[in-house]
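Every number in this text was worked out from the coordinates using simple rules, so none of it is lab data. Predicted, not measured: the structure shown is a model, and the values here were computed from it. Reconstructed Cβ throughout: ideal geometry from the backbone, glycine too, with neighbour counts over all protein chains shown.
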Amino acid sequence: MSQTVTTRCATLRDGRRLSYVSIGPADGLLVLYLHGAIGSPQAICPELEAIVCDLRLRYVMVSRPGFGSSPPAAGRTLLGFARDAAALADGLGHERFTVLGVSAGGPYALACAHELPERVAAAAVVSCLAPGTCSLLGRPAPARAALRALRTHPGACARAGDAAVRIAQGHPRFVARVMRAAAAPADRRQLAGPEASEGASARFLAAAGGGVQGLIDDHLLCARPWGFRPEAVSPLVDVWHGAQDRIVPVEDVLLLAAALPRARIALDADEGHFFFHRRRREILVQLADAARQSSKSGRGSAASTTSSPSSAVCTMSSSWSARPSSSTCVSSRRAFS
């Protein structure tokens, strides 16, 4: 089942370019996929084509400034990207759309939902960075030193990183081995197969092929105040997370989900950080259903701001289906204050 695939650069009002890959019919439900800091938009594969066909999606994988073919943009912000996303949706001919952010793409998805509540029908974040995730507290000494260097000497880190990537491009299997060695046990199992590990290595090298400045910018942006409060995000947000995630502690994500006025939380006790590709169909089915329910009900996202934080729904099991007692949610409700 061959889908229409286009690779293009959108020219924004200020002359900047934003590259993207689009798959699916022009009149399908628009999903803006926002990649993580160490990954580029996904490769088109038969599984993704089948999902797009079955759910009738227009699946647009956006490269943020500094990634892929999107030139770097000095002084970019999370909320500024939301305005870029709105301009991209305008150019694609869609008034309403959904956003799906993975890892460092999660804060960008939430920024879109915050800035565009009348246009974002639903949002989903997977292994999402949360306020405080980039803190140096509680991290091993080598990690603290590396993060501190990124913040104090980003230019020098970018030059060193670019040199390392040039070497790594000639040794993609070595990159895959390093990624497996550094991963949490749950993620290491997922990266054990050659297809999964080589795919992860290829996405990293594609993201960093034009330089690592985009990766550094993403870290610095997420480490600073986001420019909005999670409590002010009014559209429905599906929050998917693995309890074994070492990059984003589950406690941080529970706090984030508790702060969101309308959140559905799916936790898997056996997953780590890198599970999105295996769970992609489940995540997209739920996102598409939420968006279409929003359209059928005739309620704009902003109209739902009357929902209280206690409306969050928790799901927790290895199959995303068993519901715990409500205390699982309530015990995590320490708001971002």
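Values computed for the structure shown
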| read-out | value |
| --- | --- |
| Per-q log10 I(q)/I(0), segment 94-179, q = 0.15, 0.22, 0.24 Å⁻¹ (Debye; single scatterer per alpha-carbon; no solvent) | -0.84, -1.05, -1.09 |
| For peptides 5-11, 168-174, sequence by mean Cβ density within 10 Å, most packed first | 5-11, 168-174 |
| Projected-area mean, segment 214-268, by convex hull of Cα positions, square nanometres | 4.4 nm² |
| Segment 1-134 - Debye-derived log10 I(q)/I(0), Cα point model, q = 0.13, 0.14, 0.19 Å⁻¹ | -0.50, -0.58, -1.11 |
| Rg/Rh ratio calculated on Cα atoms of segment 16-58 (Kirkwood radius) | 0.99 |
| Translational diffusion of segment 145-221, µm² s⁻¹ [Kirkwood Rh, Cα pairs; Stokes-Einstein; 37 °C; 0.692 mPa s] | 247 µm²/s |
| Dimensions (Å) - segment 33-110, Cα atoms, principal axes, largest first | 39, 29, 22 |
| Per principal axis, descending, Cα span of segment 171-299 in whole Å | 52, 31, 28 |
| Solvent-free Debye scattering, log10 I(q)/I(0), computed from the Cα coordinates of segment 101-260 at q = 0.12, 0.20, 0.21 Å⁻¹ | -0.61, -1.42, -1.46 |
| Dipole magnitude (debye, nearest 20) for segment 213-268, charges at Cβ of Lys, Arg, Asp, Glu | 180 debye |
